[in-house]
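Peer 1: What follows is a structure written as structure tokens; I'll ask about it next.
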Amino acid sequence: MEESEIEEVKKYSSDKAKIMEFVKKDGLALEWASPELRDDKELVIEAVKCDGGALEFASSRLKGDKEVLLDAVEVKGWVLCYASEELQADKDVVLKAASRDGQVLYYASEKLRDDKDVVMAAVSNKGIILKYASKRLREDKDVALATLKQSKKAFCYIGDNLKEDEDIQNIMNPPQEV
């Protein structure tokens, strides 16, 4: 937003109808809404549907609302970083976020870092994030294969017992066609 647009939003910071217009065009306009409107679920949902990053400006209460979070991570998975601890431990929310942006495994609860579905979703689009998976799943061949298909750079994070596996080696050093 340009400075003149920001000033316009600030002028109407407590006017729900006007702020609703602004967040439908640019979800990040939520930053200049009044604290009361940052706690208005209907308004915040509109903002995060427009730009998931608007979650940063939502009230603490709404950062802990599963419906709001699911809408936000649908747009931008990385916004899981703004979620309450409770929702960072919610498999539905984290799985949806990880499907969009594997980096969110960093914010996931310890329990979900040991959940194969969540880890597979994360490494399938950001292999290097394997470093935040549980030791048990770094030793899982399915996880290792999905990781290396996404990024060979993550080889150093797979379990030592898998590094000499034939399938792993075929990904790392494909046989040359003659």
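Peer 1: Are any of the residues in the range 93-103 surrounded by fewer than 20 Cβ atoms within 10 Å (Cβ to Cβ) and more than 24 Å from ALA154 (Cβ to Cβ)?
Peer 2: no
Peer 1: Of these, VAL48, VAL75, which one is of a type outside the set (Gly, Ala, Ser), crowded, with 19+ Cβ neighbours inside 10 Å and within 30 Å of ARG113 (Cβ to Cβ)? Steps first, please.
Peer 2: Numbers: VAL75 fails: crowded, with 19+ Cβ neighbours inside 10 Å.
Result of the check over VAL48, VAL75: VAL48.
Peer 1: Okay, next question. Any residue in the range 3-14 that's farther than 15 Å from LEU28 by Cβ: show its pairings with residues that are surrounded by 13 or more Cβ atoms within 10 Å (Cβ to Cβ) and modelled with pLDDT of 90 or more at Cβ separation under 7 Å, as long as the two are six or more apart or on different chains.
Peer 2: The qualifying pairs are TYR12/LYS18; TYR12/ILE19; SER14/SER34; SER14/LEU37.
Peer 1: Look at ALA17 and say whether it is out of contact with any Leu (no Cβ under 8 Å at 6 or more places or on another chain) and either surrounded by fewer than 22 Cβ atoms within 10 Å (Cβ to Cβ) or under 30 Å from ALA121 (Cα atoms) (or both).
Peer 2: Values: out of contact with any Leu (no Cβ under 8 Å at 6 or more places or on another chain): yes; either surrounded by fewer than 22 Cβ atoms within 10 Å (Cβ to Cβ) or under 30 Å from ALA121 (Cα atoms) (or both): yes.
Yes; evaluated as a whole, the condition is true for this residue.
Peer 1: Against the condition assigned by TED's automatic domain parsing to the domain that holds GLY127 and more than 19 Å from LYS111 (Cα to Cα), how does ARG100 come out, does it pass?
Peer 2: Details: assigned by TED's automatic domain parsing to the domain that holds GLY127: yes; more than 19 Å from LYS111 (Cα to Cα): yes.
Against the criterion (assigned by TED's automatic domain parsing to the domain that holds GLY127 and more than 19 Å from LYS111 (Cα to Cα)), ARG100 qualifies.
Peer 1: Follow-up. Keeping to the range 104-120, report how many residues are part of a helix (DSSP H, G or I) and surrounded by 24 or more Cβ atoms within 10 Å (Cβ to Cβ).
Peer 2: In the first step, residues of the range 104-120 are kept if they are part of a helix (DSSP H, G or I); the result is 104-107, 112-114, 116-120.
If we keep only those that are surrounded by 24 or more Cβ atoms within 10 Å (Cβ to Cβ) too, we end up with 104-105, 112, 118-119.
Counting residues in the range 104-120 that are part of a helix (DSSP H, G or I) and surrounded by 24 or more Cβ atoms within 10 Å (Cβ to Cβ) gives 5.
Peer 1: Can you tell me which residue in the range 143-178 is nearest to ASP114 (Cα to Cα), limited to those that are polar (S, T, N, Q) and surrounded by 13 or more Cβ atoms within 10 Å (Cβ to Cβ)? Write out each step before concluding.
Peer 2: Pass one, the range 143-178, residues polar (S, T, N, Q): 147, 150-151, 161, 169-170, 173, 176.
Filter again for surrounded by 13 or more Cβ atoms within 10 Å (Cβ to Cβ), leaving 147, 150-151, 169.
Working: THR147: 15, GLN150: 19, SER151: 20, GLN169: 25 Å.
Taking the candidates together, the pick is THR147.
Peer 1: Answer yes if at least one residue in the range 134-141 is in a helix (DSSP H, G or I) and free of Cβ contacts under 8 Å to residues at least 24 places away in the same chain, and no otherwise. Steps first, answer last, please.
Peer 2: Pass one, the range 134-141, residues in a helix (DSSP H, G or I): 135-138, 141.
Imposing the further condition that a residue be free of Cβ contacts under 8 Å to residues at least 24 places away in the same chain reduces the set to 136, 138.
Scanning the range 134-141 turns up at least one residue that is in a helix (DSSP H, G or I) and free of Cβ contacts under 8 Å to residues at least 24 places away in the same chain.
The values are calculated or read from the model by the stated rules, or taken from the named source; none is laboratory data. Just so it is clear, the model here is predicted, and its values are computed rather than measured. Neighbour counts are summed over all protein chains in view; Cβ atoms, including those assigned to glycine, are modelled from backbone coordinates with ideal geometry.
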